Amino acid sequence: MTNEVKTLTHFIGGQSVEGKTNEFGDVYNPSTGEVIAKVPFASADEVKEAIALAKEGQKKWAAMSLGKRMEVVLKFRNLLAERQEELLDLVSLESGKTREDALGEITRGLESVDLSLNAPHLLKGEYSVNVGGNINAFSTKSPLGVVAAIAPFNFPVMVPLAMTAMAVAVGNAVILKPSEKVPHSALFMSQLWAEAGLPAGAWTIVNGAKDAVNELLENPEVQAISFVGSTRVAEYVYQTGTKHGKRVAAFGGGKNHMIIMPDADLEQAASAFLGAAYGAASQRCMAISAAMPVGQETADRFVAIIKEKIEKLKVGPYTEKDVDFGPVISKESKEHIVNEINLGLEEGAELVVDGRNPAICESSEGYYLGPTLLDNVTPDMKIYKEEVFGPARIVVRVNELEDAIKLINSHELGNGVTIFTNSGAASRKFVNEIEVGMVGVNVPIPIPVGYYNFGGWKRSKFGEGHMFGPDTARFFTKTKTVSERWPEDQIEQVTFSFPSN
Ligand code: NAD
């Protein structure tokens, strides 16, 4: 059967708009290796036109009362929930995620929209009476204007919503540049915003790659940039965006450790490790990359338990039942991960489970890798230093909790970390001393709930501002502080000194 290759569009000025350049990227179904669509790559001029329309749309959107705006956001939220089956199909098709995992992602995405319905509360200012003679002071929060979000491939729905829902709700116009590898979900959500009644221009999709991103980073009409992706690009986006006078929050990669203390329930820790390490083919910024058992005996027992469990994991297409995880996103990504494993072995790591050539590859052109586990990895090895965005996980053995904390603190990435223990004292020491942004205690993937702030430390995040949580509303607004006096009938004295109380 010949596969129909669709040509996708942008979403500009409230409608689907065809690309004007002849530049397109291939969008793949990673479960089969087939090209399913062509996505247009916007030129700088096309992005400029989109920004001009966004500026007009923002004025209309911000002029609507808060109550009316929340009606639109609520309608969008309900449409998302009603049509989640369709969205789920798109997420699985373009990312290869299992349906359960895609559903989890959409559910967490809805959480961001729910949080954005608190915008009226988060937009409340302050008011003080009689701060000076007959002077009252108050502050208000205004939207920034046109803001941009640049998204990664690994969460086609959740991350774009985490970056944009609050930005829209507080009155900005948002321009989203989705990953060119997964553009379908974002285009689908655009139709829902339009149906919900968002004014044309207040929500825009420009598809593309570097040229589109550069125009967003440099254009003076764009006030803020929210970026999520690899550390290398996050740093570039932060430096370029701030050089052009913008607020930038750029979220990068992670190398997340799981400490396993000798007193932990090892069966429970092993099950937690399995899902957090290999779920979504390990393509999560908060996936556990490194198990760090404390003490040789704990390490030997832990590795024996996970080895047995890992060997039973099933990799396959989302269309099959009982699959634990799907393919990685691309052929290049698969090759890169295999190279990382090979290099780790050359550098002296020990192969416990080999997933480089899973059985499914005999019958499918999809980008499958089975779960791989390397033991006795040391901090000087490349596979320890760098994020590996695929199912190759490592065991780093340490003697004491102190050693584990030191090692984790000296890693350049600091997104997430967790400890499995039954000791309150160990947990307290770990929580106090660890230099990482999101921390778990007996919780495998400590992604904060929507009303807490999300963000890593060190080279996992550049700039101030968080995703989710009340900080999102602060990031996407600016404060105006007013001092107000209404003199009564007396004539004011002229004063030349600096006013004081
Ligand atoms: P990526 O950095 O390759 O791409 C992210 C976005 O940047 C895409 O939209 C892409 O088109 C654009 N881009 C890529 N190269 C660019 C360049 N040179 N100039 C300008 N724009 C460019 O990331 P990815 O592979 O799509 O996503 C995976 C990465 O994202 C992983 O490192 C993962 O840890 C990270 N991630 C982080 C978080 C977080 O919250 N910290 C969440 C999800 C994913």
message: Looking only at segment 285-299, how many residues end up being in a strand (DSSP E or B) and polar (S, T, N, Q)?
response: 1
- prompt: Considering only residues of segment 254-271 that are touching a Ser or Thr at 6+ places or on another chain (Cβ under 8 Å) and surrounded by fewer than 23 Cβ atoms within 10 Å (Cβ to Cβ), which is nearest to I434 (Cα to Cα)?
  reply: M261
query: What are the residues in segment 436-479 that are within 15 Å of the ligand (Cβ to nearest atom), of a type in the set (S, T, Y) and surrounded by 22 or more Cβ atoms within 10 Å (Cβ to Cβ), if any?
result: S460, T472
field: Of residues in segment 241-263 being within 15 Å of the ligand (Cβ to nearest atom) and assigned to a loop (DSSP other than H, G, I, E, B), the one nearest to I419 (Cα to Cα)
entry: K255
- prompt: Just wondering, is there one or more residues in segment 18-36 that are assigned to a strand (DSSP E or B), surrounded by 15 or more Cβ atoms within 10 Å (Cβ to Cβ), out of contact with any Asp or Glu (no Cβ under 8 Å at 6 or more places or on another chain) and not basic (K, R)?
  reply: yes
Only listed residue being within 16 Å of the ligand (Cβ to nearest atom) and within 24 Å of S460 (Cβ to Cβ), chosen from E433, E402, E412: E412
message: Could you check segment 429-449 and list, in sequence order, the residues that are closer than 21 Å to S410 by Cβ and outside any loop (DSSP other than H, G, I, E, B)?
response: K429, F430, V431, N432, E433, M438, V439, G440
Residue in segment 212-224 that is nearest to the chain's Cα centre (by Cα), counting only those that are farther than 15 Å from L144 by Cα and surrounded by fewer than 18 Cβ atoms within 10 Å (Cβ to Cβ): N214
message: Given the options A291, A269, A276, name the one that is away from the ligand (no atom under 16 Å from the Cβ) and under 25 Å from the mean Cα position of the chain (by Cα).
response: A291
query: Do we have A42 as touching a helix residue (DSSP H, G or I) at 6+ places or on another chain (Cβ under 6 Å), in the same structural domain as V17 (by TED's automatic domain parsing), in a loop (DSSP other than H, G, I, E, B) and closer than 20 Å to L176 by Cβ here?
result: yes
message: Looking at the structure I just gave you, is V417 more than 18 Å from the chain's Cα centre (by Cα) and aliphatic (A, V, I, L, M)?
response: no
message: Let me confirm something: among P120, P143, P156, P152, which residue is within 16 Å of the ligand (Cβ to nearest atom) and out of contact with any Pro (no Cβ under 8 Å at 6 or more places or on another chain)?
response: P152
query: Is it the case that segment 467-481 has a residue that's under 22 Å from A224 (Cβ atoms), within 17 Å of the chain's Cα centre (by Cα) and aliphatic (A, V, I, L, M)?
result: yes
- request: Given the conditions (1) away from the ligand (no atom under 16 Å from the Cβ); (2) buried (at least 24 other Cβ atoms within 10 Å of the Cβ), report the number of the one that N134 does not fulfil.
  value: (2)
field: strands (runs of 3 or more DSSP E) (entirely within segment 300-396) containing at least 2 residues that are surrounded by 20 or more Cβ atoms within 10 Å (Cβ to Cβ) and outside the structural domain of G33 (by TED's automatic domain parsing)
entry: 372-375, 392-395
- prompt: Does segment 404-428 hold any residues that are surrounded by fewer than 16 Cβ atoms within 10 Å (Cβ to Cβ) and without any contact (Cβ under 8 Å) to a residue 40 or more places away in the chain, and which are they?
  reply: K406, N409, S410, G424, A425, R428
- prompt: Taking into account only those residues within segment 225-252 that are surrounded by fewer than 24 Cβ atoms within 10 Å (Cβ to Cβ) and of a type in the set (G, A, S), which is farthest from the chain's Cα centre (by Cα)?
  reply: G245
message: Give all pairs with beta carbons closer than 6 Å in which a residue from segment 170-183 that is of a type in the set (D, E) meets a residue that is in a loop (DSSP other than H, G, I, E, B); count only pairs at least 6 apart in sequence or on separate chains.
response: E180/A209
message: Looking at segment 2-17 only, could you name the residues that are of a type in the set (A, V, I, L, M) and outside any strand (DSSP E or B)?
response: V5, L8
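Residue-by-condition table, conditions (1) outside the structural domain of A169 (by TED's automatic domain parsing); (2) closer than 27 Å to M292 by Cβ; (3) not acidic (D, E):
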residue: I205; (1), (2), (3): no, no, yes
residue: G208; (1), (2), (3): no, no, yes
residue: D211; (1), (2), (3): no, no, no
residue: P220; (1), (2), (3): no, no, yes
residue: Q223; (1), (2), (3): no, no, yes
residue: T231; (1), (2), (3): no, yes, yes
residue: Y236; (1), (2), (3): no, no, yes
residue: G245; (1), (2), (3): no, no, yes
residue: V248; (1), (2), (3): no, no, yes
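The values are calculated or read from the model by the stated rules, or taken from the named source; none is laboratory data. All of these numbers come straight from a predicted model, not from anything done at the bench. Positions of Cβ are generated from backbone atoms using ideal geometry, with glycine treated the same way; all protein chains shown enter the neighbour counts.
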